[in-house]
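All remarks here apply to the structure that follows.
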Amino acid sequence: MRLASFQITNFRSINDSGSIDSTQLTAILGRNDSGKSNLLRALHSLNPAEGITELSPIKDFPRHRRLEECQDDTPVVATRWALDEGEWAELAEMLPRAANVRHVTAGRGYGTARWTGLEGLAELSLDVSDIKGKVRKIVPAVKAAAEKVAEEARATLEQEADAFDAAMILSPDYIRWSEGAVKALQTLRKALAAADAELSDKQEQMLVELEDMARAIANDTPALAKAKQWVLEKLPRFIYVDEYPALPGRQNIADYLVRKGWGQAAPEQQGFEKLCKAAGLDPQQLQDLLDKNDLATRNQLVNRAGAVVTSEIRRLWKDRELKVRFNLDGPYMDTLVSDPDDTYEVEVNLDERSRGFQWFFSFYITFFADTKGGRAGDAILLLDEPGLHLHARSQADLLEHFERDFGNQTIYTTHSPFMVPVHRPDAVRTASMGPSTGTIVSNKAEGDERTLYPLRAALMLSRMVNEVATPVEESVLTAVPVQ
């Protein structure tokens with residue numbers, strides 16, 4: 001499922017954001033305190049990787065409104081999702097009248113209940129005249145058959161025929177009708193069998209058609225409920241990140257294993273677990289080898305892991321070619337980084353590298369662990385101001401990294417011109433705040449000077465680098481007013 005659009009209402013600074021189109025990569029621009037982060041926080045609450053929880057009216061309901069206005073079903077998130085071909089087929093098999101459904105919806109309020117919808121779902125309907133016609137032909141035939149059997153069976157068969165006729169009186173409540181019809185048809189079948197009475201082939205075919213129709217309608221309610229639950233189960237998880245804690249350059253493996261066993265791993269130790277996953281290391285195996293005094297095997301494992309991580313960092317980090325090596329010192333593992341092209345190749349601990357590189361390294365490790373077979377294999381990434389500590393060129397590399405190396409849909413906020421995808425103006429949204437409207441979002445580049453400044457700067461920089469703006473850049477640049 002791919003997120004096509006979302007809308008946030010009744011959340012913090014947001015009364016109604018308006019519908020926000022979502023592409024594979026979506027950048028939200030806006031001045032400080034325009035509510036950009038609130039958009040991501042609210043969207044994240046629909047299906048967080050950590051599990052859904054109630055929202056807090058005191059904390060999250062717009063503060064200029066009375067608390068009694070906020071109920072469990074007060075809407076907060078409304079989303080629209082596009083299905084792929086495999087999902088179309090799966091849904092139609094589950095609920096036949098959903099054969100034309102190509103988009104589904106999902107939303108939530110302040111409680112934990114979520115709701116779903118199926119766009120293009122065919123109406124549940126019946127051909128009333130056809131059903132009545134079949135009933136009129138079958139009931140006399142059943143009574144005629146009753147005349148050919150013994151008197152004691154005849155009364156029962158005629159009674160069931162009359163009950164069947166009464167059950168087939170149609171009403172707008174198709175579900176109630178179908179439940180009664182299924183029972184009546186089953187009883188009629190038993191009465192015919194007990195009386196050893198038979199219908200003609202044509203009458204039998206009519207009875208089969210009525211049975212199929214009644215069962216299909218009776219089964220529709222559980223099938224519809226199953227389809228709506230299926231939508232919730234198919235929803236991708238949302239991962240929201242507003243802080244990027246640096247990974248410590250030195251970790252005590254034994255302490256990590258003990259704390260993990262107790263369920264008390266600190267955030268930096270959880271980061272270490274992700275580092276091991278990205279590097280292909282097993283902390284328990286390293287500890288077991290230490291206990292056996294097999295230091296040679298331990299060193300071979302971490303040397304290989306260092307080579308794996310180095311190749312990925314060199315592919316992604318374009319500032320300079322770096323080398324990552326893991327060093328074991330008893331129960332400790334150090335992450336060391338060096339510059340092989342320098343006259344003197346000096347290794348320093350990760351803790352001593354630039355803040356920008358620490359951020360990038362932490363980002364790579366965290367999302368490698370979460371997206372490569374982890375909890376976020378198909379997750380939607382919600383990133384609040386990513387890459388703030390990176391050099392301008394490295395921010396551009398990060399943007400390229402999002403597009404090239406992640407299959408995940410990514411929605412992020414930014415102030416930086418170097419994080420604006422000028423080559424894809426369809427991916428840019430602008431957020432603004434009004435005193436009465438609250439946070440609203442436009443799917444076009446519009447807003448005041450501060451809102452549009454990163455976009456204008458990005459377009460001007462692109463034109464300077466390319467000397468001449470591309471037709472796409474030129475059309476966007478002329479559409480962005482200077483105020």
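Closer than 28 Å to L224 by Cα and crowded, with 19+ Cβ neighbours inside 10 Å: is that true of H44 in this structure?
Yes; evaluated as a whole, the condition is true for this residue.
Which one is surrounded by the most Cβ atoms within 10 Å (Cβ to Cβ), of the residues in the stretch 239-268 that are at pLDDT 80 or above and among the hydroxyl-bearing types (S, T, Y)?
Y256
Of everything in the stretch 76-99, what is part of a loop (DSSP other than H, G, I, E, B) and either in contact with a strand residue (DSSP E or B) (Cβ under 9 Å, 6 or more places away or on another chain) or aromatic (F, W, Y) (or both)? Give them in sequence order.
Within the stretch 76-99, V76, L83, D84, L95 meet the criteria.
Of (1) under 22 Å from the mean Cα position of the chain (by Cα); (2) over 28 Å from A223 (Cα atoms); (3) open to solvent by 10 Å² or more (accessible area, probe 1.4 Å), I28 satisfies all except one. Which?
(3) is the only condition that I28 fails.
Being open to solvent by less than 80 Å² (accessible area, probe 1.4 Å), at pLDDT below 95 and part of a helix (DSSP H, G or I), is that true of even one residue in the stretch 61-71?
No - not one qualifying residue is present in the stretch 61-71.
Taking into account only those residues within the stretch 340-366 that are closer than 30 Å to D294 by Cα and part of a loop (DSSP other than H, G, I, E, B), which is least open to solvent (accessible area, probe 1.4 Å)?
Restricting to residues being closer than 30 Å to D294 by Cα and part of a loop (DSSP other than H, G, I, E, B), the top hit is P340.
Under 6 Å between Cβ atoms, at least 6 apart or on separate chains: pull out the pairs that start in the stretch 245-268 with a residue that is free of Cβ contacts under 8 Å to residues at least 40 places away in the same chain and of a type outside the set (S, T, Y) and end on any residue that is outside any helix (DSSP H, G or I) and open to solvent by less than 30 Å² (accessible area, probe 1.4 Å).
From residues that are free of Cβ contacts under 8 Å to residues at least 40 places away in the same chain and of a type outside the set (S, T, Y), the pairs are R259/A265.
Restricting the search to the stretch 47-60, which residues are open to solvent by less than 60 Å² (accessible area, probe 1.4 Å), within 15 Å of G109 (Cβ to Cβ) and not aliphatic (A, V, I, L, M)? Let's see the steps before the verdict.
Taking the stretch 47-60 first, the residues open to solvent by less than 60 Å² (accessible area, probe 1.4 Å) are 47-49, 51-52, 55-57, 60.
Next, only the ones that are within 15 Å of G109 (Cβ to Cβ) stay: 47, 52, 55-57, 60.
Listed by number, the residues that qualify are N47, S56, P57, D60.
Out of all the residues in the stretch 280-298, is one or more open to solvent by less than 80 Å² (accessible area, probe 1.4 Å), modelled with pLDDT under 90 and not β-branched (V, I, T)?
Among the residues of the stretch 280-298, not one is open to solvent by less than 80 Å² (accessible area, probe 1.4 Å), modelled with pLDDT under 90 and not β-branched (V, I, T), which makes the answer no.
If G35 passes every condition in (1) touching a residue at least 12 places away in the same chain (Cβ under 8 Å); (2) farther than 21 Å from P386 by Cα but one, which one does it miss?
(2)
So V441 clears everything in (1) assigned to a strand (DSSP E or B); (2) open to solvent by less than 10 Å² (accessible area, probe 1.4 Å); (3) in contact with a helix residue (DSSP H, G or I) (Cβ under 8 Å, 6 or more places away or on another chain) except one condition, right? Which one?
Among (1) assigned to a strand (DSSP E or B); (2) open to solvent by less than 10 Å² (accessible area, probe 1.4 Å); (3) in contact with a helix residue (DSSP H, G or I) (Cβ under 8 Å, 6 or more places away or on another chain), the lone unmet condition for V441 is (2).
From the list D384, D426, D405, which one is of a type outside the set (V, I, T) and at pLDDT below 85? Outline the logic, then answer.
Details: D384 fails: at pLDDT below 85; D426 fails: at pLDDT below 85.
Just a single option satisfies the conditions, and that option is D405.
Of everything in the stretch 102-118, what is among the hydrophobic types (A, V, I, L, M, F, W, C) and surrounded by fewer than 21 Cβ atoms within 10 Å (Cβ to Cβ)? Give them in sequence order.
Answer for the stretch 102-118, where residues must be among the hydrophobic types (A, V, I, L, M, F, W, C) and surrounded by fewer than 21 Cβ atoms within 10 Å (Cβ to Cβ): A113, W115.
The values are calculated or read from the model by the stated rules, or taken from the named source; none is laboratory data. The shown structure was predicted, so the numbers you read here are calculated from the model rather than taken from an experiment. Cβ coordinates were reconstructed from backbone atoms using ideal geometry, including for glycine residues, and neighbour counts include every protein chain displayed. Please note that ligands, DNA and RNA were not included when accessible areas were found on the heavy atoms of the full protein model with its side chains. Shrake-Rupley method; radii C 1.70, N 1.55, O 1.52, S 1.80 Å.
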